[in-house]
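Student: Provided herewith is a single structure, encoded as structure tokens, for subsequent inquiry.
The values are calculated or read from the model by the stated rules, or taken from the named source; none is laboratory data. Being a predicted model, the structure only gives us computed values, none of them experimental. Ideal geometry is used to build each Cβ from the backbone, glycine not excepted, and the neighbour counts take in all protein chains shown. Ligands, DNA and RNA are stripped out before the accessible areas are found, and what is left, the full protein with its side chains, is counted by its heavy atoms. Shrake-Rupley method; radii C 1.70, N 1.55, O 1.52, S 1.80 Å.
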Amino acid sequence: MQSPLQHPAEKDGVLQYASIGGLELETGGYLPDVVLAYETWGQLDPDAGNAVLIPHALTGSTHVARGSSAEAGWWEELVGPGRTVDTRRYFVVSINMLGGCYGSTGPASADPDGLPWGSRFPFVTVRDSVRAEARLADRLGIARWHTVLGGSLGGARALEWAVTEPDRVLHCGVIAATAASTAEQIAFAQAQLAAIRLDPAFNGGDYYNGAPPLAGLGLARRIAHITYRSEPELEYRFGRSPQAAENPFGAAHPAGRGRYSVESYLDHQARKLADRFDANSYLVLTEALVSHDVARGRGSLRAALAGTTADFFIAAVESDRLYLPQQSADLAAALPRGTQVHLIRAPIGHDGFLTSVREISGALKREVFG
């Protein structure tokens, strides 16, 4: 058995890497030498009883909190010294999901011959990601997580952890996520996948020696971002106002007209993602989310959850139109122990699990991190 990895405090919030060996995947694929990138905050107790895993969302990174770096984290309000997940008490870990593009083995990684995997990168499921993360937990000397806590795809991963590895999860936090991807969620995802695959630059996924499919990735992001925000929020922020210095009625042909401000906003979101994310990783992680069904091969949802031993914390965003609050209520109702659904009362939509997490920080403190 490999020696546990050491993590001095000065590495808080700094990307690190660990090899976990070869990995057989659910649908028959195989990766011969998997590397997982991860960040940690705080110090692991001698009995390893204070470890908290925070899986990221679809296009999220491992940078949950600032730590010793200069960059603010995406859950800065929740994680850090004196915060709800107090890194003076807890050892927090975030792992870049297998197939991602923030350091873990993914489509852009080199295969055994030194070439990018590209189109040959295998299908990864949420269960595959849990199996890979469990190996890293072994390397870290963590036999059981105090808490696994995530939102959106991170929430799906947290739920799968509690079902696949029931003896290794004491508390499970599932925020703005469901027990399975629904038909509508799959439909939105399929449109995003098609946008990337139909980009002429995509080249079947083997574009690393040429121009990447930025147009397709940008279109995928536009589609996704509409589902991440609520209609009232978009109406309040943008309405029908034109983008500054542009006139939506300023040309004789539609292609030459000026943009509405909401169109400019979506263009901005598309450029931001295209600057930082790999299109193939977007496909791999979206396919994993599409495949998410914690009851798959396990009978009914109630039967699948019956073997869990974790105490669950379930939360939904009140205005979420992608992961409806009722779906969180259905998950809670299927758990073997009575579980309340906490509401993030924010008008923004699905992204409220990131922007308005303070709405549930008190409840998390009382029920999980007190």
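Student: From T27, T62, grab the single residue that is assigned to a loop (DSSP other than H, G, I, E, B), surrounded by 22 or more Cβ atoms within 10 Å (Cβ to Cβ) and among the β-branched types (V, I, T). I'd like the intermediate steps shown before the answer.
Tutor: Working: T27 fails: surrounded by 22 or more Cβ atoms within 10 Å (Cβ to Cβ).
Step by step, each of T27, T62 is checked, and only T62 is assigned to a loop (DSSP other than H, G, I, E, B), surrounded by 22 or more Cβ atoms within 10 Å (Cβ to Cβ) and among the β-branched types (V, I, T).
Student: Here is a check on your reading of the model: is E287 farther than 22 Å from F369 by Cα, in contact (Cβ under 8 Å) with a residue 40 or more places away in the chain, surrounded by fewer than 20 Cβ atoms within 10 Å (Cβ to Cβ) and among the charged types (D, E, K, R)? First the steps, then the outcome.
Tutor: Working: farther than 22 Å from F369 by Cα: yes; in contact (Cβ under 8 Å) with a residue 40 or more places away in the chain: yes; surrounded by fewer than 20 Cβ atoms within 10 Å (Cβ to Cβ): yes; among the charged types (D, E, K, R): yes.
In short, yes.
Student: In addition: For Y102, are the conditions met, namely being within 16 Å of the chain's Cα centre (by Cα), of a type in the set (F, W, Y) and surrounded by fewer than 24 Cβ atoms within 10 Å (Cβ to Cβ)?
Tutor: Details: within 16 Å of the chain's Cα centre (by Cα): yes; of a type in the set (F, W, Y): yes; surrounded by fewer than 24 Cβ atoms within 10 Å (Cβ to Cβ): yes.
Yes; evaluated as a whole, the condition is true for this residue.
Student: Ok, one more. List the residue pairs whose Cβ atoms are under 8 Å apart, where the first residue sits in region 318-337 and is farther than 14 Å from A180 by Cβ and small (G, A, S), the second is open to solvent by less than 40 Å² (accessible area, probe 1.4 Å) and assigned to a helix (DSSP H, G or I), and the two are 6 or more positions apart or on different chains.
Tutor: That search, which allows pairs on different chains as well, returns S319/E233; S319/G352.
Student: Regarding region 236-249, can at least one residue be identified that is open to solvent by 50 Å² or more (accessible area, probe 1.4 Å), modelled with pLDDT of 95 or more, under 19 Å from H350 (Cβ atoms) and more than 22 Å from the chain's Cα centre (by Cα)?
Tutor: Checking region 236-249: at least one residue is open to solvent by 50 Å² or more (accessible area, probe 1.4 Å), modelled with pLDDT of 95 or more, under 19 Å from H350 (Cβ atoms) and more than 22 Å from the chain's Cα centre (by Cα).
Student: A follow-up question, please. Name the residues in region 206-235 that are assigned to a helix (DSSP H, G or I) and either open to solvent by 60 Å² or more (accessible area, probe 1.4 Å) or modelled with pLDDT under 95 (or both), would you? Walk me through it before giving the result.
Tutor: Residues of region 206-235 that are assigned to a helix (DSSP H, G or I), as a first pass: 214-228, 231-235.
L214, A215, L219, R222, I226, E231, P232, E235 - these are the residues of region 206-235 that are assigned to a helix (DSSP H, G or I) and either open to solvent by 60 Å² or more (accessible area, probe 1.4 Å) or modelled with pLDDT under 95 (or both).
Student: Name the single residue, out of those in region 146-180 being acidic (D, E) and open to solvent by 10 Å² or more (accessible area, probe 1.4 Å), that is nearest to P55 (Cα to Cα).
Tutor: Restricting attention to region 146-180, the residues satisfying the condition of being acidic (D, E) are 160, 165, 167.
Checking which are open to solvent by 10 Å² or more (accessible area, probe 1.4 Å) leaves us with 165, 167.
On the way: E165: 15, D167: 18 Å.
Across region 146-180, the extreme among qualifying residues is E165.
Student: While we're on this one: Residue under question is T355, and the condition is that it be surrounded by fewer than 20 Cβ atoms within 10 Å (Cβ to Cβ), β-branched (V, I, T) and under 18 Å from the mean Cα position of the chain (by Cα); does it hold?
Tutor: Numbers: surrounded by fewer than 20 Cβ atoms within 10 Å (Cβ to Cβ): yes; β-branched (V, I, T): yes; under 18 Å from the mean Cα position of the chain (by Cα): yes.
Answer is yes for this residue.
Student: For region 112-136, enumerate the residues that are surrounded by fewer than 16 Cβ atoms within 10 Å (Cβ to Cβ) and in a loop (DSSP other than H, G, I, E, B).
Tutor: P112, D113, G114, L115, F123
Student: Assuming G114 fulfils every condition listed in (1) on the phi > 0 side of the Ramachandran plot; (2) out of contact with any Asp or Glu (no Cβ under 9 Å at 6 or more places or on another chain); (3) in contact (Cβ under 8 Å) with a residue 40 or more places away in the chain apart from one, which condition is it?
Tutor: The one condition G114 does not meet is (3).
Student: Looking only at region 10-24, how many residues end up being more than 20 Å from P122 (Cβ to Cβ), at pLDDT 95 or above and either open to solvent by 10 Å² or more (accessible area, probe 1.4 Å) or not in a strand (DSSP E or B) (or both)? It would help to see each step written out before you state the result.
Tutor: Our first condition is that a residue be more than 20 Å from P122 (Cβ to Cβ); within region 10-24, this holds for 10-18.
With the extra rule that they be at pLDDT 95 or above, the set shrinks to 12-18.
After this cut, where a residue has to be either open to solvent by 10 Å² or more (accessible area, probe 1.4 Å) or not in a strand (DSSP E or B) (or both) as well, the list is 12-17.
Adding up the residues that qualify gives 6.
Student: Can you tell me which residues in region 291-337 are open to solvent by less than 10 Å² (accessible area, probe 1.4 Å), charged (D, E, K, R) and in contact with a Pro (Cβ under 9 Å, 6 or more places away or on another chain)?
Tutor: Of everything in region 291-337, nothing turns out to be open to solvent by less than 10 Å² (accessible area, probe 1.4 Å), charged (D, E, K, R) and in contact with a Pro (Cβ under 9 Å, 6 or more places away or on another chain).
Student: Filter region 338-352 for residues that are among the aliphatic types (A, V, I, L, M) and open to solvent by less than 10 Å² (accessible area, probe 1.4 Å); which is nearest to V79 (Cα to Cα)? So that I can check it myself, show each step before the final result.
Tutor: Within region 338-352, the subset among the aliphatic types (A, V, I, L, M) is 341, 343-344, 346, 348.
Checking which are open to solvent by less than 10 Å² (accessible area, probe 1.4 Å) leaves us with 344, 346.
On the way: I344: 17, A346: 20 Å.
Ranking the qualifying residues of region 338-352, first place goes to I344.
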